[in-house]
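Rule-based calculations on the coordinates, nothing more; no lab input. Because the structure is a prediction, the values reported are computed rather than measured. Here the Cβ positions follow ideal geometry from the backbone for every residue, glycine too, while neighbour counts run over all protein chains shown.
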Amino acid sequence: MEDQDRLSSLILDHWSRYQPKMLAQLRSQNRLQQTLEETADQFADLLYELVSVKKMEYIQAWDIAIREILPPEESALS
């Protein structure tokens, strides 16, 4: 559970820095906690798949999970 809390904190920090509009929208729609939990689960599942199933080095798997699960800055998406 502690790892999940750290992961949720990492995701929330990323959204605060790089996705402030999306974060504000999630808060206004009262969907932040649900979306945060879902994103943390997706991140953890992908990391598990890459490390345990595909036998990838942890740091490589982490980098891939970051790129796939956490979107770039909002300006880059527009």
Query - Qualifying position, being hydrophobic (A, V, I, L, M, F, W, C), surrounded by fewer than 16 Cβ atoms within 10 Å (Cβ to Cβ) and closer than 21 Å to residue 73 by Cβ, among 24, 44 - result: 24
Report task. Check segment 47-61 and report whether any residue there is in contact (Cβ under 8 Å) with a residue 24 or more places away in the chain and surrounded by 12 or more Cβ atoms within 10 Å (Cβ to Cβ). Result -> no
